[in-house]
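Scroll down for the structure; my scribbles are underneath it.
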Amino acid sequence: AQSVTQPDIHITVSEGASLELRCNYSYGATPYLFWYVQSPGQGLQLLLKYFSGDTLVQGIKGFEAEFKRSQSSFNLRKPSVHWSDAAEYFCAVGLRSSASKIIFGSGTRLSIRP
Amino acid sequence: GAVVSQHPSRVICKSGTSVKIECRSLDFQATTMFWYRQFPKQSLMLMATSNEGSKATYEQGVEKDKFLINHASLTLSTLTVTSAHPEDSSFYICSARLRQGDNYGYTFGSGTRLTVV
């Protein structure tokens, strides 16, 4: 069955430190890959996406993610976090078809230590 | 571009009444929209896929008679929670799929907080 796994439920990092949020997927083929961020009580904002091509994807707010086919992973990174990055982060995947829908991982809550 | 407007952002209703939530694509046509439900501190669970001009496709375990979806135009999908009960209280989010070249992108509404009392 298709699945998305975010193994870290909650991560706390110090402001200015680097960040890596993990995402692994199980699909029959390379899917579309997304990272979204959600602030409390808000909708979702797209940080970045991977469709094809360069496996290192740059997104908004200084985030990047790397698609590693051999590991079925799409980890999100940021070299230096800011207090405003505290939020819930969701990895999502979708099939490459006209009938595609996307499913979400369980999310990782990011807290920032002053 | 590619903005999805969801309304209302918050609604409180009495048990047994129905509530309608609207999802509009403001600057593009969305033949396909999705409805998700999110419980506190949990992920988004896909409820149904809404296709313009046809019946919605519901995920397993979602009661189609309770969660009525209508997608009568290319810019509007509605979710009606019928005979609402306190256990229907949740955060509901819609999403629209749009074509981006040979690929697809997904943009989300800001969500609706439903409280049934």
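The values are calculated or read from the model by the stated rules, or taken from the named source; none is laboratory data. None of the values given here were measured: they were computed from a predicted structure. With ideal geometry, Cβ positions are generated from the backbone for all residues, glycine too; neighbour counts draw on all protein chains shown. Please note that ligands, DNA and RNA were not included when accessible areas were found on the heavy atoms of the full protein model with its side chains. Shrake-Rupley method; radii C 1.70, N 1.55, O 1.52, S 1.80 Å.
Could you tell me which residue out of B:S50, B:P40, B:C23 lies farthest along the dipole of the stretch B:17-72 toward its positive end? Charges go on the beta carbon: Lys and Arg +1, Asp and Glu -1, centred on the Cα centre.
With unit charges placed on the Cβ atoms, the residue in question is B:P40.
Compute the FRET efficiency between B:S73 and B:C13 as 1/(1 + (r/R0)^6), taking r as their Cβ-Cβ distance and R0 = 22 Å, and round to the nearest 0.05.
It comes out at approximately 0.30.
What is the average number of partner chain Cβ atoms found within 10 Å of a Cβ in A:33-39?
Neighbouring Cβ atoms belonging to other protein chains average 2 per residue here.
Near A:F67, within a Cβ-to-Cβ distance under 15 Å, what is the net charge of the other residues, with Lys and Arg +1 and Asp and Glu -1?
For residues surrounding A:F67, the net value is +2.
Report the one residue of A:S39, B:S95, B:S73 whose Cα lies farthest in the direction of the positive end of the charge dipole of the protein assembly as shown (charges on C-beta: Lys and Arg +1, Asp and Glu -1; origin at the Cα centre).
Toward the positive end, the furthest listed residue is B:S73.
By a straight-distance test (C-alpha under 24 Å), which lysines pair with A:K68 as possible cross-link partners, with residues fewer than eight away in the same chain excluded?
A:K49, A:K78, A:K101
For the stretch B:104-117, take each phi angle, set θ = phi - 60°, evaluate the Karplus expression 6.51 cos²θ - 1.76 cosθ + 1.60, and give the result in whole Hz per residue in order, putting x for glycine and proline.
Per-residue couplings from phi come out as 10, x, 9, 10, 10, x, 8, x, 10, 8, 9, 10, 10, 10 Hz.
Before we go on, tell me the buried accessible area for the A/B pair, both chains summed, 1.4 Å probe, in Å² to the nearest 100.
Protein heavy atoms only, the A-B interface buries about 1700 Å².
Of all accessible surface on the stretch B:1-60 at a 1.4 Å probe, what whole percent is carbon and sulfur?
50 percent
Rounding to the nearest 20 debye, state how big the charge dipole of chain A is about its Cα centre with +1 on each Lys and Arg Cβ and -1 on each Asp and Glu Cβ.
Computed about the Cα centre, the dipole is about 220 debye.
Please compute one quarter of the surface area of the Cα convex hull for the protein assembly as shown and express it in square nanometres.
12.7 nm²
Can you give me the accessible area per residue for the protein assembly as shown, using a 1.4 Å probe, in Å²?
Result: 48 Å² of accessible area for each residue.
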